[in-house]
Structure formats: structure tokens, C-alpha cells
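Taking it in order: structure first as C-alpha cells, then the write-up.
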Amino acid sequence: MAQAKHVLIYTHNGKGYIHENIPASVKALGEICKAQGWTFEASEDPALFTAQNLRKYDCLVFSNTNNETFDTEAQKMAFQQYIRGGGGFVGIHSACGSERAWPWFWANLGSKFVRHPKLQPFPIKVIDKNNPATAHLPETWAWEDEFYYMNQLNPDIHVLLAGVTTDLEDDKKAEYPGETFGQLFPLSWVHQFDGGRQFYTALGHKSEYYSDPNFRQHLLGGMKWAMNIK
């Protein structure tokens, strides 16, 4: 029998905007873990980030973390050691706005938040259906969300989902991203960075999204990928 997995659902926010979706995201992620037979803890306490404590976890889920996610350099080092030791990492929505002054964090997550136009519907193109985070989705997924634009994209990311920018209402589109990615922009990916396994999705602004079956399956698949569960 496979050893039970243990997950940390981490929600710490520094000074700045804090998402109202955090309780809904924690509830959904906890229910996902229970359904899989995984144990979990949910916390916003960065003091959990010590090398000894992080050994307990098979996956760290940064659920709508934002701004300064750690209080000390020692906590950052413990997080780095966890990843370098083969740990699993999942970033959801505003996690890309965390630790914007720390290049290693951007590289680990895969990018850094720049801005978003107003919340609106847009189509999402499934780039890779051979991943557990996307295998259940149609080739084009109709969705509504904040369309996150990011920069500092790590060139080793493997894109799973890309949002179609063609009809977005966005008067700053010409400034960024312009034509950088054509009419698509990466919104979810996986990669293996610095010894760890990482999954990120830019989706998930509204609380009610965490009750959506397709979005829940997307998160479950990403967690499985990060923990290398076939």
C-alpha cells in the first residue's frame, strides 16, 4: 500500500491585497485531500518553515499567498532546502504575486505577477491534455477569471493551459504582453526546478470557483503531478 501523503495548505499574505477566496480555497483543498486519503494542515504561519518541520510534507500548496510570504531569511532557506530535496510545490492564483523581490521564488513558481485586466470571461486553450491537471478538460475551456499577466517566465516551464487574449477587454494590452505570446498567454504549467516538482495555475479568483468540479479536478491533478502520483 502506498504511503499516505501529507500536504501543507499555506495561505500567508504580507502587506497588501488579500483574497477573500482563501477560506473557500482551504475548504476545497482539504476536501480534495480527504477524498484522496491524504492528511493535511492549513496554516498562514510562516514559522512552520523550518527544515525539520517541512520534512513532514509531500506537497506545499501556496493557496492565494501574496506579497511577502516569509518573515525571515531562515524561512526562505528552509523552503529552498525543501524544494532542493525533491519536494512538491503547488501555486494557486495570486501565489505568483508572492515574494516579488526574490528571483529564486519566481523561478520556482515559474513566473512573477505583473497585472490583470478586469475580471471577465475568456476561452482557455488546453495545450497538453496528457497531464492529470488537464486530462478531463475539453480542448477549449470556457472560463471567467482575472486574466493574469506575468513576466520572468522560467523557460523550462511546460505549459498546460493558455488563455486566449484576442477578445479581452484590456486597454493596456499593447503595453504588455503585446505580441510576446501571440494571441495566447500561459496560465498553467508544470516543471521540475532545482530538484523539486512544481505546478502552477493562475486561475481561482472567486470563492465559488473552488466548488466548480472542473477547477477542483484541475487542482487535484496538479497536486498529483507535484507529488509524482501516477
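Values for this structure:
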| item | result |
| --- | --- |
| Segments classed as helices (runs of 4 or more DSSP H), wholly inside segment 1-110, with at least 1 members that are closer than 19 Å to Gln192 by Cα and touching a Cys at 6+ places or on another chain (Cβ under 9 Å) | 103-109 |
| Enumeration of residues in segment 181-203 that are touching a residue at least 12 places away in the same chain (Cβ under 8 Å) and farther than 18 Å from Ile83 by Cα | Phe181, Gln183, Leu184, Phe185, Pro186, Leu187, Ser188, Thr201, Ala202, Leu203 |
| Segments classed as strands (runs of 3 or more DSSP E), wholly inside segment 117-179, with at least 1 members that are over 18 Å from the mean Cα position of the chain (by Cα) | 120-126, 140-145, 158-164 |
| Meets criteria (among the acidic types (Asp, Glu) and in contact (Cβ under 8 Å) with a residue 40 or more places away in the chain) for Glu41 | no |
| Qualifying residues in segment 204-230 (those that are without any contact (Cβ under 8 Å) to a residue 60 or more places away in the chain and not basic (Lys, Arg)) - the one nearest to Tyr57 (Cα to Cα) | Phe215 |
| Selection from segment 27-53 of residues that are more than 30 Å from Glu73 (Cβ to Cβ), more than 17 Å from the chain's Cα centre (by Cα) and surrounded by 13 or more Cβ atoms within 10 Å (Cβ to Cβ) | Glu31, Gln36, Trp38 |
| Criterion (surrounded by fewer than 21 Cβ atoms within 10 Å (Cβ to Cβ), modelled with pLDDT of 95 or more and over 24 Å from Met227 (Cβ atoms)) met by exactly one of Pro155, Pro132 | Pro155 |
| Filter result for Tyr200 (under 17 Å from the mean Cα position of the chain (by Cα), of a type in the set (Ser, Thr, Tyr), surrounded by 15 or more Cβ atoms within 10 Å (Cβ to Cβ) and part of a strand (DSSP E or B)) | yes |
| Test result for Ala24, under 19 Å from the mean Cα position of the chain (by Cα) and touching a residue at least 24 places away in the same chain (Cβ under 8 Å) | yes |
| Single condition Asn64 does not satisfy, out of (1) on the phi < 0 side of the Ramachandran plot; (2) under 18 Å from the mean Cα position of the chain (by Cα); (3) crowded, with 20+ Cβ neighbours inside 10 Å | (1) |
| Arg84, sole failed condition from (1) under 17 Å from the mean Cα position of the chain (by Cα); (2) closer than 25 Å to Ser111 by Cβ | (1) |
| Pick from segment 100-124, criterion under 23 Å from Lys206 (Cα atoms) and touching a residue at least 60 places away in the same chain (Cβ under 8 Å), ranking: surrounded by the most Cβ atoms within 10 Å (Cβ to Cβ) | Leu109 |
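This table checks each residue for (1) under 19 Å from Met227 (Cβ atoms); (2) at pLDDT 95 or above; (3) among the hydrophobic types (A, V, I, L, M, F, W, C).
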residue	(1), (2), (3)
Val7	yes, yes, yes
Asn21	no, yes, no
Glu31	yes, yes, no
Lys34	yes, yes, no
Phe40	yes, yes, yes
Ala51	no, yes, yes
Tyr82	yes, yes, no
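The values are calculated or read from the model by the stated rules, or taken from the named source; none is laboratory data. Because the structure is a prediction, the values reported are computed rather than measured. Please note: Cβ atoms are built from the backbone with ideal geometry, for glycine as well, and neighbour counts cover all protein chains shown.
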